[in-house]
Amino acid sequence: MPLALLALAVSAFGIGTTEFVMMGLLPQVADDLGTSVPTAGYLVSAYAIGVVVGAPLLTALGSRIPRKRMLLLLMALFTVGNLASALAPGFGWLIAGRVLAGLPHGAFFGLGAVVAARLVREGRQARAVATMFLGLTVANILGVPAATLLGQHLGWRATFLVVAAVGLIAMAALARLVPHVPVDERQSLGREVRALGRPQVLLGLLTAVFGFAGVFAVYSYLASMTTEVMGFGDATVTLVLALFGLGMTGGALAAGPLTDRALRPTLYGSLAALVLALVAFRFTVHVPWLALVTVVVLGAVGFMTTTPLQMLVMNKAKDAPTLASASNHSAFNLANAGGAWAGGAAVAAGWGWTSPALVGAGLTVVGLAIAAVAGLLDRDRGTAEGASRVVAHSPLAEASPAAGKQVSSSSPASGS
């Protein structure tokens, strides 16, 4: 794998850390800024709003900017957003900082996935995208627990200062390791928008919204389940979250080669496995050691859905994949918000702390049904079964990424 993928993974690590760390810092932030924990919870929503708005907006604005330069600009905006969060004088300013930090999230992952796929030879593109996503999973194993611990001992502002420093390191890695990737001369905003409107792309985005919502219906309340149902103490919450992150990493590693081999079967299988794991968790959560095993499985099968979903929308967008790829991350964040809301509504209705697992299973069933309908409607079996045709082969696959050679600007293979 090219070293450029390492730069993308480091960037993903920083983004993943700042996205999820706020959940563990809400008590410290609320106490320091003189507000309640539920009100401080709006900071999580603020970041998600930034992602949903920024993914299509920044992708559209940067449609004619060379890919490497655009990645650097997005990471610079991410760094500024985290620095603004660290220096925020009040709650309103912190909300603004979180929105600013979230704006480049979807655009970076969307563009990064396209660039990653162009760095490798045909047949290994899903593995390249999964490698970039490994940074996101490692953030949940190491970044979020470490950043939470730092915030608890040195204050939440120190956490965002460190994340801003990670952003600077990521920018240096991008500048050094990612080669020049020119914009396809045929690429235009109108073409990207038309690609986004293709039925198979829209069905892929809907699959992400409902399928991945099942993960966050449980993940959002995993800390409470750990203490209220599993019977562990508060100190164990970090360990349980890290186990979930370990599962995510395993799922990402498995998803790459499986998606390269058979895209739709990987998607169907991972969604079906997620439904079964969520239903099982409703019962295993009462047996501590079984609950911990199921948490790992949930992380694995949940994150295994992300690579085939990412490759599917890029595939179906054909030669204009960037906006569709970025919009997929807006879909994932809508899933985050919707899953958390649905799980919380079940708890608020008095159904108990285990009810989000069954709610999540129901949401994922809807996602699986949408994916199945899309598969039945898809008459293009050439791209339905393999993700390797998403982006044309790049000569950089045999060259050193640090050498600064130019990536072929050929558009994704039509093959479809």
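Leaving ligands, DNA and RNA out of it, report the carbon-plus-sulfur percent of the accessible area of the chain at a 1.4 Å probe. Spell out each step's value before the answer.
Values: 10470 of 14990 Å².
C and S atoms contribute 70 percent here.
Could you list log10 I(q)/I(0) for the chain at q = 0.08, 0.12, 0.13 Å⁻¹, which the Debye formula gives when each Cα is one point scatterer? Normalising to I(0) and taking log10 leaves -0.39, -0.90, -1.06.
Convex hull over the Cα atoms of segment 113-178, averaged projected area in nm²? Projected over every direction and averaged, the Cα hull of segment 113-178 covers 5.0 nm². Model label sites at His153 and Ile169, defined 7 Å from Cα along the beta-carbon direction, differ in position by 1.7 nm. Label reach from Arg121 (point 7 Å along Cα→C-beta): in segment 1-30, amide nitrogens under 19 Å belong to 1-5. A simple charge model with +1 on the Cβ of Lys and Arg, -1 on the Cβ of Asp and Glu and nothing else charged puts the dipole of the chain at about 1140 debye relative to its Cα centre. What the chain shows is 36 Å² of accessible area per residue, with the surface traced by a 1.4 Å probe over protein heavy atoms.
When a/c is below 1.5 the answer is rounded, else prolate if a/b is larger than b/c, else oblate, so apply that to segment 258-375 with a ≥ b ≥ c taken from the square roots of the Cα gyration tensor eigenvalues. Mind dumping the intermediate values first?
On the way: a/c = 2.48, a/b = 1.70, b/c = 1.46.
It is prolate, given that a/c is not under 1.5 and a/b is the larger ratio.
Rolled with a 1.4 Å probe across the full set of protein chains, the surface gives Asp32 an accessible area near 90 Å².
Of the residues Gly143, Leu203, Leu298, the one whose Cα sits farthest toward the positive end of the charge dipole of the chain, with +1 on the Cβ of Lys and Arg and -1 on the Cβ of Asp and Glu, is Leu203. If the segment from Ala372 to Tyr42 were pulled out straight at 0.36 nm per residue, it would be longer than the present Cα-Cα gap by 115.3 nm.
Considering the options Leu376, Leu253, Val80, tell which one lies farthest towards the positive end of the dipole of the chain, charges being +1 on Lys and Arg and -1 on Asp and Glu at the Cβ, about the Cα centre. Checking the options against the dipole of the chain, the answer is Leu376.
The values are calculated or read from the model by the stated rules, or taken from the named source; none is laboratory data. Computed from a predicted structure; not experimentally measured. Note that each Cβ is placed from the backbone with ideal geometry, even for glycine, and that neighbours are counted across all protein chains shown. Surface areas here come from the heavy atoms of the whole protein model, side chains and all, with no ligands, DNA or RNA. Shrake-Rupley method; radii C 1.70, N 1.55, O 1.52, S 1.80 Å.
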